[in-house]
Structure formats: structure tokens, C-alpha cells
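> Could you have a look at this structure, given as C-alpha cells, before my questions?
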Amino acid sequence: MASDKKRICNKCKCELEEMDTQFTYLDKKFRHKVPRCPQCGQVFISEELAKGKMAQLEKTLEEK
Ligand SMILES: [Zn+2]
């Protein structure tokens, strides 16, 4: 895991900042810290996050 790797916004060429961002998935809301561009608001969601968090959420739903 390269968690210390800096992400750069493709549009603004500025460094993304880790921000607490709200997502909606399967009618559920959850918050997660994701790299986000302070200028244009572009959120970078890594494949690991998408797979990991979504899979986790789906599992949570199944358990209920
Ligand atoms: Zn940007």
C-alpha cells in the first residue's frame, strides 16, 4: 500500500488533500477520507477503496 504517495489533480496540477467525504451507495450513506482537490473538488477514489469499502458495505447489508 502506497498510502504516503501524493496524488495530483489532473486538471489543476495541485496536490490533493485528504478530506472526509460523504458517499451514497446502495441507498446507504457513509463517510470516508479520500484525496480531494481543494480547487475543483475532484475526488480520487482508488480501486482499492471502491472494492474494499463497497464490498464491506455489501457485507454489512447482507448481515442485517
Ligand atoms: Zn483540481
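> Are any residues in segment 40-49 part of a helix (DSSP H, G or I) and surrounded by 12 or more Cβ atoms within 10 Å (Cβ to Cβ), and if so, which ones?
Let us first name the residues in segment 40-49 that are part of a helix (DSSP H, G or I), namely 47-49.
Of everything in segment 40-49, just one residue is part of a helix (DSSP H, G or I) and surrounded by 12 or more Cβ atoms within 10 Å (Cβ to Cβ), namely Leu49.
> Quick check on my filter: what residues within segment 7-30 are within 16 Å of the ligand (Cβ to nearest atom) and either within 22 Å of Lys53 (Cα to Cα) or of a type in the set (Asp, Glu) (or both)? It would help to see each step written out before you state the result.
So the first thing to find is which residues in segment 7-30 are within 16 Å of the ligand (Cβ to nearest atom), and the list is 7-19, 21.
Selection gives Arg7, Glu15, Leu16, Glu17, Glu18, Met19, Thr21.
> Show the residue pairs that are 6+ apart or on different chains and have beta-carbon atoms under 8 Å apart, the first residue being within segment 9-28 and over 10 Å from Gln39 (Cα atoms) and assigned to a strand (DSSP E or B), the second being within 16 Å of the ligand (Cβ to nearest atom) and of a type in the set (Val, Ile, Thr).
Qualifying pairs under 8 Å: Glu18/Val34; Met19/Val34; Thr21/Val34; Thr21/Val43.
Read-outs: derived from the displayed coordinates by stated rules, not from any lab. Here the structure is a predicted model, which is why all the values come from computation and not from measurement. Reconstructed Cβ throughout: ideal geometry from the backbone, glycine too, with neighbour counts over all protein chains shown.
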